[in-house]
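Below: the structure, in structure tokens.
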Amino acid sequence: MSQVSFITFGCKVNQYDTQSLREIFCRAGYSIVPVEKDPEICVINTCAVTQVAEQQARQAIHKISRKNPKPYIIVTGCYAQINPERIGQIDEVDLVLGLPEENKIIELLEEKNLSRVRVTPIHQIVDFTESPVCGHFQHTRAFLKIQDGCDAFCSYCIVPYTRGKSRRRALNQIIDEAKRLTEAGFQEIVLTGVHLEGEHLLQVIPHLEEIKKLHRLRLSSLEVNEFSPELIELIKKSHKICHHLHIPLQSGSENVLQKMNRPYTPERYRRLVNQLIAEIPDLAVGTDIMVGFPGETEDDFSSTYKLIEEVPFAYLHIFNYSLRKGTLAASFKETVPSETKARRSKTLRILTIEKKKSYLSRFLGKEIEVIIESKRDKQNGCLTGISGNYLKIFIVGRARSIGEGADEFKDKLARISIEKISDGQLFGSFTDF
């Protein structure tokens, strides 16, 4: 039996796609093994959202090719889709597959006289490509892809060129997969996509809420303009939708947002988040912030800093602008020096620590329901659990005395009493397990 390993970079959509590939190989009789176990085949699922992501993919290719014996290396994902020639020039790579080719990976792998690069232009794909899954390897939560592609064309973003036009998944396929995942034991499903659409969610969520074994439904990143009054009301009244929303901001400067082709103002963003938190008091709101966008001035950065100060974010993801060839922003002549980007990032990271500390302090002395994760923390040996509002909680007390594993608790619901905050983390103990 041939053995295959997977290396995945990037977002939840990529993680979903890797799971789909994993199941395709399993159905074909392949054995899935860790990279350390000298597989005969290694599939590297790449990301192209930044230059760093592409560099990480190339480093992984070179590292895995040094194994003895060298595995057959297949490279797929967004980097393979947008720049197949660059990857095809790497001697160690045996096969480059575009995103439309992923479902045919076994057929192409076994094809004689195979062309080394098989990539269909993404603009030719107009329908959602079905790649159903039944589980998620080493995950407590299951990802369920309901959408692919993006029509937004933010001026800095390569994703519309790698993922193609926005495509919705059929409702019956979504429901069927959700049922399979809950039957497999997953109590939480994360709805994922490149650009989730509010109108689509209004159609999908009521059907998923009817699945009795589904305890939690989490929404991945959702843009400002997708929040209609109807969607806000649905989130507020739902007993299954997690009180956790990731709403990308990118910049608090109206000038920068316009250059980014982001269709909202800082004030609109502020009003939305304040409304959501007023109506859902324990809601965790996270966001993405980009620093160093071409032409970002000190005043622009100050506007971003001030908005973050004023909005009660639970966490922030901070990124330096990365030039993506082929995007509109790549043609902008104004640039921000690397040292300025580094300084601004550092300033925001310090603020991020304060925002997180402020949010966590609201839960001291309270009880929180979590789903226990499958592994203990490597540093302190504690079991960990994830709450509906995306808090990671370290569980102390009697749980630490139960051997080295976590199988007795894995994927189970438990209520945890929060006792302290240490190094930016919550610690608590079981109350009803």
(request) Determine Rg/Rh for segment 16-160; Rg is computed over alpha-carbon atoms and Rh is the Kirkwood hydrodynamic estimate from the same atoms. (result) 0.94
(message) With both bridge residues required to lie in the chain, what share of the DSSP beta bridges run antiparallel, to the nearest 5%?
(response) 35 percent
(request) Report the local net charge at Val126: Lys and Arg +1, Asp and Glu -1, summed over other residues whose C-beta lies under 9 Å from its C-beta. (result) +1
(message) For segment 252-301 and segment 312-345, what is the centre-to-centre distance using only Cα atoms, to the nearest Å?
(response) 15 Å
(message) Show me, bin by bin at 10 Å from 0, the whole-percent P(r) of segment 47-95 based on Cα pairs.
(response) 27, 58, 15, 0
(request) At 7 Å along the Cα-to-beta-carbon direction for both Arg27 and Glu310, put a label point, then send me their distance in nm to one decimal. (result) 5.2 nm
(request) Tabulate in residue order the Karplus-calculated ³J(HN,Hα) for segment 363-371, using 6.51 cos²θ - 1.76 cosθ + 1.60 with θ = phi - 60°, rounded to whole Hz; enter x for Gly and Pro. (result) 10, 4, x, 9, 9, 10, 7, 10, 9
(message) Just to be sure I understand, if you calculate semi-axes √(5λ) of the Cα gyration tensor in Å for this structure, which of [x] 110, 26, 18; [y] 33, 30, 22; [z] 39, 32, 22 do you get?
(response) [y]
(message) Just to confirm the filter: which GluC sites (Glu not before Pro) across segment 172-262 are DSSP coil and have at most 12 other Cβ within 10 angstrom of their Cβ?
(response) Glu210
(message) Per residue of segment 81-86, what does 6.51 cos²θ - 1.76 cosθ + 1.60 with θ = phi - 60° give for ³J(HN,Hα)? Whole Hz please, x for Gly and Pro, Karplus curve as stated.
(response) 5, 8, 9, x, 5, 4
(request) Report, in cubic angstrom per residue, the convex hull volume of the C-alpha atoms of segment 256-307. (result) 82 Å³
(message) Once you order the gyration tensor axes a ≥ b ≥ c over the Cα atoms, which shape class does segment 1-78 get: rounded for a/c under 1.5, otherwise prolate or oblate by comparing a/b with b/c?
(response) oblate
(request) For Thr120, enumerate residues with amide H under 5 Å from its amide H, sequence gap 5+ or separate chain, H modeled in the peptide plane. (result) Gly98, Glu101
(request) Output the antiparallel fraction of DSSP beta bridges having both residues in segment 244-388, as a percent to the nearest 5. (result) 25 percent
(request) Note down the nm distance, to one decimal, between modelled labels 7 Å out along Cα→Cβ at Asp288 and at Glu36. (result) 3.2 nm
(request) Tell me which residues come under 5 Å, amide H to amide H, from Leu426 once H is placed; ignore anything under 5 positions away on its chain. (result) Phe394
(request) Specify whether the C-alpha gyration tensor of segment 176-282 places it in the rounded, prolate or oblate class, a ≥ b ≥ c being the square roots of the eigenvalues: rounded for a/c under 1.5, otherwise prolate if a/b is larger than b/c and oblate if not. (result) prolate
(message) Taking 21 Å as the cut-off for C-alpha to C-alpha distance, list the pairs among Lys63/Lys341; Lys63/Lys346; Lys63/Lys325; Lys366/Lys420 that go past it.
(response) Lys63/Lys341; Lys63/Lys346; Lys63/Lys325
(request) Would you kindly state how much longer the chain becomes between Ser374 and Thr335 on full extension, computed as 0.36 nm times their sequence separation minus their alpha carbon distance, in nm to one decimal? (result) 9.5 nm
(request) Measure off, as a whole percent, the carbon and sulfur share of the 1.4 Å-probe accessible area of the chain, all protein chains present. (result) 49 percent
(request) Quick one: what are the phi-derived ³J(HN,Hα) couplings along segment 34-47, Karplus 6.51/-1.76/1.60 with θ = phi - 60°, whole Hz, x for glycine and proline? (result) x, 4, 5, 8, 6, x, 7, 10, 10, 9, 10, 9, 9, 10
(request) Determine the per residue accessible area of segment 56-204 with all protein chains present and a 1.4 angstrom probe, expressed in square angstrom. (result) 44 Å²
(request) Could you name the aspartates and glutamates whose alpha carbon sits less than 20 Å from that of Lys212, not counting residues in the same chain fewer than 8 places away? (result) Asp176, Glu177, Glu183, Glu188, Glu369, Asp411
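The values are calculated or read from the model by the stated rules, or taken from the named source; none is laboratory data. Quantities reported herein were computed from a predicted structural model and do not represent experimental measurements. Cβ: placed from backbone, ideal geometry, glycine included. Neighbour counts: every protein chain shown. When the accessible area is computed, the model is the full protein with side chains, heavy atoms only, and any ligands, DNA or RNA have been set aside. Shrake-Rupley method; radii C 1.70, N 1.55, O 1.52, S 1.80 Å.
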